[in-house]
Amino acid sequence: MSQYNAEPLERLINNFSRLNGVGRKGATRMAYQVLSMDKNEAEEFANSIMDVHDKIKRCAICQNFTDQEVCSICSSSKRDNSVVCIVESPRDVATFEKTREYNGVYHVLHGLISPMDGITAEQLTIKELLARLKDETIKEVIMATSPTIEGETTTMYISRLIKPLGVKVTRLAYGLPVGASLEYADEVTLYRALEGRTEI
């Protein structure tokens with residue numbers, strides 16, 4: 001604990017610094033911002049954190065985060081249900097949606113196969129994906145994992161499971177730099193990668 005901070009403030013700094021990508025300086029800045037809020041703002045901030053835990057769940061179909069049983073994308077009659085884009089995380093869905101070019105639906109894996117980190121296929125939503133593919137309306141699956149070793153491993157594993165089902169499996173074109181995360185791709189790069197996808 002820092003000798004300069006009161007214990008409740010230090011605890012808040014420590015909690016912020018546990019977030020991915022937030023260092024000690026950034027956590028300290030955020031904690032002081034919270035401290036400068038009036039009581040109503042602070043309560044609203046705390047309540048929004050609790051609401052996320054209490055009300056957000058996984059969509060029964062695509063596994064994306066939603067506050068409904070089925071998310072707005074899966075329940076939309078305007079989406080093309082014959083094409084499923086497989087992504088690593090809910091953030092990737094948001095990234096694709098920003099392009100306004102993709103009109104299919106999604107499946108969120110909630111991770112990638114990574115033996116080094118102890119993440120196996122069983123910990124992902126692959127069995128839920130295979131259950132969806134029993135629906136004969138699905139004609140194409142787009143593998144949109146990041147072009148990393150873990151992304152490639154996951155893509156190859158899933159494509160081997162899907163191919164015997166007679167569903168076309170494609171992957172994004174390599175307009176995306178190798179080793180990059182989809183989350184940080186700009187809309188133009190992502191659109192070109194989507195347009196230039198190839199069959200696996």
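Worth a mention:
- Ranking 26, 9, 73 by how far each Cα lies toward the positive end of the dipole of the range 1-94 (charges on Cβ) leaves 26 at the top.
- Extension gain, residue 17 back to residue 79 (0.36 nm per residue minus Cα-Cα distance, nm): 18.4 nm
- Classification of the range 1-71 by its C-alpha gyration tensor yields a prolate form. The axis ratio a/c (a ≥ b ≥ c) is 1.5 or more, and a/b outweighs b/c.
- Residue by residue, the range 81-98 carries 3J(HN,Hα) couplings of 6, 8, 10, 10, 9, 8, 10, 6, 9, x, 4, 5, 4, 4, 5, 5, 4, 5 Hz when phi is fed to the Karplus relation 6.51 cos²θ - 1.76 cosθ + 1.60 (θ = phi - 60°); x denotes Gly or Pro.
- Net charge dipole size for the range 52-200 [Lys, Arg +1 and Asp, Glu -1 on Cβ; Debye, nearest 20]: 360 debye
- Of the trypsin sites (Lys or Arg not before Pro) in the range 123-171, the ones in a loop by DSSP (not H, G, I, E or B) with at most 10 other beta carbons within 10 Å are 134.
- Relative to the dominant Cα principal axis of the chain, helix 7-17 is inclined by about 20°.
- Rounded, prolate or oblate (a/c below 1.5 giving rounded, otherwise prolate when a/b exceeds b/c) for the chain by Cα gyration tensor: prolate
- Cross-link partners of residue 25 among lysines (Cα-Cα below 26 Å; sequence separation of 8 or more within a chain): 39
- Angle of helix 149-162 to the longest C-alpha principal axis of the chain, folded into 0 to 90 degrees and rounded to 10: 40°.
- Anisotropy class of the range 101-200 from Cα gyration tensor, a/c 1.5 cut: oblate
- Modelled spin-label separation between residue 165 and residue 43, with each label point placed 7 Å from Cα along the Cα-to-Cβ direction: 4.9 nm.
- Of all lysines in the structure, the ones whose alpha carbon falls short of 26 Å from that of residue 139, not counting any fewer than 8 places away in one chain, are 78, 98, 127, 163, 168.
- 0 to 90° range, to nearest 10: angle between helix 39-55 axis and the chain longest Cα axis: 30 degrees
- Estimated [θ] at 222 nm from DSSP helical runs (n ≥ 4, -39500 (n - 2.57)) normalised by residues in the chain, nearest 500: -12500 deg cm²/dmol
- Accessible area of the chain divided out per residue, in Å², using a probe of 1.4 angstrom: 61 Å²
- Protein accessible area in the range 39-164, 1.4 Å probe - carbon and sulfur %: 52 percent
The values are calculated or read from the model by the stated rules, or taken from the named source; none is laboratory data. This is a predicted model, so every value here is computed, not measured. Glycine gets a Cβ as well: all are built from the backbone with ideal geometry, and neighbour counts include every protein chain shown. With ligands, DNA and RNA removed, areas are computed over all heavy atoms of the protein, side chains included. Shrake-Rupley method; radii C 1.70, N 1.55, O 1.52, S 1.80 Å.
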